[in-house]
1. In what sequence do VAL32, VAL42, VAL54 fall when counting other Cβ within 10 Å, fewest first?
2. If each residue's Cβ is checked for other Cβ atoms within 10 Å, how do ILE224, ILE94 rank with the fewest at the top?
3. Tally Lys/Arg at +1 and Asp/Glu at -1 over every other residue whose Cβ is under 14 Å from the Cβ of GLY76; what's the total?
4. Can you put ASP227, ASP105 in order, fewest other beta carbons within 10 Å first?
5. So between THR291 and TRP92, what do we pick up on full extension, going 0.36 nm a residue minus the alpha carbon distance?
6. Just to verify a number: FRET efficiency for VAL192 and LYS141, C-beta to C-beta distance, R0 = 22 Å, to 0.05?
7. Ranked from highest to lowest mean number of other Cβ atoms within 10 Å per residue, what is the order of the peptides 95-104, 189-198, 207-216?
8. Across segment 292-297, in residue order, what do the Karplus-derived ³J(HN,Hα) couplings come to in whole Hz, using 6.51 cos²θ - 1.76 cosθ + 1.60 with θ = phi - 60° and x for Gly and Pro?
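Every read-out reported here was derived from the displayed coordinates using simple, explicitly stated rules and does not represent laboratory data. This is a predicted model, so every value here is computed, not measured. Cβ atoms come from the backbone with ideal geometry, glycine included; neighbour counts cover every protein chain shown.
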Amino acid sequence: MLLNKQEKSRDNESSIFESWRKTHLKLELRSVGCLAVAVASVIWGSNGVIVNQVSLPSYTIAFFRVSFATLSLWLGAFFTRKWRVMQVRGAWRILVILGLLLALDWAFLFQAMKLIPIGNAVLLNYTAPVFVALLAPIILKERVRQATIYALALSVVGILLISSTQDFQVHGLSFLGVVSALLAGFVYALFVIFAKKTLASLSGYSVALYSYSFSSIFLIPSLIQVDLSVSLSSWMLLLLLGVFNTAFAVTLYLRGLRLIKAQEAAVLTYFEPASAVGFGYLLLAQQPTITTIAGGLLMLLAGYVVASKTEEEASKA
């Protein structure tokens, strides 16, 4: 009897230790995942600084970004022998559409970054989550949630606040910059909606690999009658933008996303607009106004409302 009790006691202790070890490991992995997503988002916040240092048209910059990213991803797949990511099982049509949407998104965003302060452009681009909430019931047949209404109201107020800091003229560059940033957000929302369908049958690496490839093809016309005789430093910045800010950051983001919930990742990606304002202030002396900060906070709050509500419902599912 005494021996049986001792064995049971050791078994209980072993079970408790194993449970603690697994819990501790999960917490560590979750921390790593959160850090990876946050770092990737901060990296993306520096895109505007790079764009402003390269004396090329926005569409041409977008071409070299996706081209260098595509080359990096193909080389990565080749050297790691990930042959399966090259098999897309007849999903060419949707991948072509995703490539076109990416091309338009980055072209609009880079155009905006050249016309209005970086922080404003990125914050306006972050209407994308609200656009997703609007489009999902139409395209994905999802139910409209009450949180969506609150987020829309907050986002509209934020857009008005940020736009009020611009010289808002119909034919002025500032107006064009605001519209370009909003279009970037809308196009990116379309990309998210269609990518969500595609990821049901393809891996994230495959989607990134082929969407970047097709995006590069769509942006080839941006090279027509463009003087590419820019400085070596500009080429280095373009390489940095494609390899580090796109290929590496996206890979880092996807690895982090694998370790945490999607809703947590959605909240963490709002480090991008915050870091964009910081990069613009530190490196380009773009001073954000109180109105810009207030509008940005409202838009970040709008995205958080959508993401936090989604996570709450997911936890109940």
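1. Ranked by crowding around the Cβ, least crowded first: VAL32, VAL42, VAL54.
2. Final ranking by Cβ density, sparse to dense: ILE224, ILE94.
3. +4
4. The fewest-first ordering by Cβ neighbours comes to ASP227, ASP105.
5. Numbers: separation 199, 0.36 × 199 = 71.64 nm, distance 4.48 nm.
Full extension of this stretch gives 67.2 nm more.
6. 0.90
7. Working: 95-104: 21.6, 189-198: 18.2, 207-216: 23.4.
Result, highest mean Cβ count within 10 Å first: 207-216, 95-104, 189-198.
8. For segment 292-297, the Karplus-derived couplings read 4, 5, 5, x, x, 5 Hz, x marking Gly and Pro.
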